[in-house]
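Q: I have a structure I would like to understand better, so I am pasting it below and will then ask my questions one at a time.
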Amino acid sequence: DVKVTQSSRYLVKRTGEKVFLECVQDMDHENMFWYRQDPGLGLRLIYFSYDVKMKEKGDIPEGYSVSREKKERFSLILESASTNQTSMYLCAAQGGSYEQYFGPGTRLTVT
Amino acid sequence: ELKVEQNPLFLSMQEGKNYTIYCNYSTTSDRLYWYRQDPGKSLESLFVLLSNGAVKQEGRLMASLDTKARLSTLHITAAVHDLSATYFCAADGSSNTGKLIFGQGTTLQVKP
């Protein structure tokens, strides 16, 4: 069965902290994505990667960076967390069937 | 720039009734996706529509795609309480990259 896992379901961090959100997929898919979801705004794409060490900015990359050192793992980094980054973060992986499979999400609160 | 709009944003309906959620998108899109999200949960893939005229059905849900009208619909037949959830459509405007643009979501509440 398809599986995308995220390192934490809930996370509370302080303003200015460096935050790592980890995503792992077991499907050997090339494409991986990070979205954030906010009430009334739907899901917005932060960054995506179509291969190891390859990354492209999505619609709202400011304040974020990513890392993909191995095919199965895609990390989202908040260099200096701010309160406006409080959100639900969803990772997804996509393979040849065009379906995108989502992880369970990480609800991040920055205080 | 691709924009995706759903309507209605909120839908309250009685069990046993039929209804349709509409998803309009502003520019050419290769694929149209429908997802379901339960409160506090992640997104579950329902349908991927790949071409004009595509129709897919699963249980009481049927999705269709009209690329000329830039419209997709999600039709609910004889709704049951278990279908209560938020439904998102998303369009892929960039060939083969999977960069999805999501609609705002439609929250469906089915009352017994």
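Q: Residues in segment B:54-73: is at least one of a type in the set (A, V, I, L, M, F, W, C), surrounded by 14 or more Cβ atoms within 10 Å (Cβ to Cβ) and closer than 23 Å to A:G58 by Cβ? I'd like the intermediate steps shown before the answer.
A: Here is the first cut: in segment B:54-73, the ones of a type in the set (A, V, I, L, M, F, W, C) are B:54-55, B:61-63, B:65, B:69, B:71.
Narrowing further to those that are surrounded by 14 or more Cβ atoms within 10 Å (Cβ to Cβ): B:54, B:61-63, B:65, B:71.
Imposing the further condition that a residue be closer than 23 Å to A:G58 by Cβ reduces the set to none.
No, every residue in segment B:54-73 fails to be of a type in the set (A, V, I, L, M, F, W, C), surrounded by 14 or more Cβ atoms within 10 Å (Cβ to Cβ) and closer than 23 Å to A:G58 by Cβ.
Q: If you don't mind, there's one more thing I want to ask. Which of the residues that make up segment B:12-33 are hydroxyl-bearing (S, T, Y), farther than 11 Å from B:Y87 by Cα and either assigned to a loop (DSSP other than H, G, I, E, B) or within 10 Å of another protein chain (Cβ to nearest Cβ) (or both)? Steps first, please.
A: Filtering segment B:12-33 down to residues hydroxyl-bearing (S, T, Y) leaves B:12, B:19-20, B:22, B:25-29, B:33.
Going one step further and asking which of them are farther than 11 Å from B:Y87 by Cα, we end up with B:12, B:19-20, B:25-29.
Passing the criteria: B:S26, B:T27, B:T28, B:S29.
Q: Are any residues in segment A:76-97 under 21 Å from A:V24 (Cβ atoms) and hydroxyl-bearing (S, T, Y), and if so, which ones? Step through it out loud before you land on a result.
A: Filtering segment A:76-97 for residues under 21 Å from A:V24 (Cβ atoms) gives A:76-78, A:87-97.
Within segment A:76-97, A:S87, A:Y89, A:S97 meet the criteria.
Q: Pick from A:K13, A:K55: which is under 22 Å from B:G40 (Cα atoms) and among the charged types (D, E, K, R)? Lay out the reasoning, then the answer.
A: On the way: A:K55 fails: under 22 Å from B:G40 (Cα atoms).
Answer to the selection: A:K13.
Q: Also, I was wondering about something else. Give segment B:34-52 a look and list any residue that's of a type outside the set (K, R) and either touching a helix residue (DSSP H, G or I) at 6+ places or on another chain (Cβ under 8 Å) or in a strand (DSSP E or B) (or both), or say none. Before the answer, list the steps.
A: Keep residues of segment B:34-52 that are of a type outside the set (K, R), which gives B:34-35, B:37-40, B:42-52.
Across segment B:34-52, the qualifying residues are B:W34, B:Y35, B:Q37, B:L43, B:E44, B:S45, B:L46, B:F47, B:V48, B:L49.
Q: Let me ask something else about it. In segment B:53-112, what residues are within 14 Å of chain A (Cβ to nearest Cβ), in contact with a Gly (Cβ under 8 Å, 6 or more places away or on another chain) and either in a strand (DSSP E or B) or of a type in the set (F, W, Y) (or both)?
A: Hits for segment B:53-112 are B:L65, B:T86, B:Y87, B:F88, B:C89, B:A90, B:D92, B:I101, B:F102.
Q: When you scan segment A:101-111, how many residues do you find that are on the phi < 0 side of the Ramachandran plot and within 13 Å of the chain's Cα centre (by Cα)?
A: Of the residues in segment A:101-111, the ones on the phi < 0 side of the Ramachandran plot are A:101-104, A:106-111.
Applying the additional criterion that residues be within 13 Å of the chain's Cα centre (by Cα) yields A:101-104, A:106-108.
So the answer is 7.
Q: Mind checking which residues of segment A:92-111 are more than 9 Å from every other protein chain (Cβ to nearest Cβ) and either of a type in the set (A, V, I, L, M, F, W, C) or crowded, with 19+ Cβ neighbours inside 10 Å (or both)?
A: If we filter segment A:92-111 for residues that are more than 9 Å from every other protein chain (Cβ to nearest Cβ), which is where we start, we get A:93, A:95-96, A:106, A:108-111.
Those that are more than 9 Å from every other protein chain (Cβ to nearest Cβ) and either of a type in the set (A, V, I, L, M, F, W, C) or crowded, with 19+ Cβ neighbours inside 10 Å (or both): A:A93, A:T106, A:L108, A:V110.
Q: Further question: Please enumerate the residues belonging to segment A:30-85 that are among the aromatic types (F, W, Y) and within 14 Å of chain B (Cβ to nearest Cβ). Walk me through how you get there before you give the answer.
A: In the first step, residues of segment A:30-85 are kept if they are among the aromatic types (F, W, Y); the result is A:33-35, A:47-48, A:50, A:64, A:74.
Selection gives A:F33, A:W34, A:Y35, A:Y47, A:F48, A:Y50, A:F74.
Q: Name the residue that is surrounded by the fewest Cβ atoms within 10 Å (Cβ to Cβ), counting only residues in segment A:64-76 that are in contact with a Leu (Cβ under 8 Å, 6 or more places away or on another chain) and either over 19 Å from A:Q6 (Cβ atoms) or touching a residue at least 40 places away in the same chain (Cβ under 8 Å) (or both).
A: Looking at residues that are in contact with a Leu (Cβ under 8 Å, 6 or more places away or on another chain) and either over 19 Å from A:Q6 (Cβ atoms) or touching a residue at least 40 places away in the same chain (Cβ under 8 Å) (or both), I get A:S75.
Q: Surrounded by 17 or more Cβ atoms within 10 Å (Cβ to Cβ), within 14 Å of another protein chain (Cβ to nearest Cβ) and without any contact (Cβ under 8 Å) to a residue 60 or more places away in the chain, is that true of B:R36? Spell out how you get there, then give the answer.
A: On the way: surrounded by 17 or more Cβ atoms within 10 Å (Cβ to Cβ): yes; within 14 Å of another protein chain (Cβ to nearest Cβ): yes; without any contact (Cβ under 8 Å) to a residue 60 or more places away in the chain: yes.
Against the criterion (surrounded by 17 or more Cβ atoms within 10 Å (Cβ to Cβ), within 14 Å of another protein chain (Cβ to nearest Cβ) and without any contact (Cβ under 8 Å) to a residue 60 or more places away in the chain), B:R36 qualifies.
Q: Quick one: B:E44 ticks every box in (1) within 12 Å of chain A (Cβ to nearest Cβ); (2) in contact with a His (Cβ under 6 Å, 6 or more places away or on another chain) except a single one, so which number is it?
A: So B:E44 meets the others, but not (2).
Values quoted throughout were computed directly from the atomic coordinates according to the rules given, and no laboratory measurement underlies them. Everything numeric in this text was worked out from a predicted model, so none of it was measured. Virtual Cβ from ideal backbone geometry, glycine too; neighbours counted across all protein chains shown.
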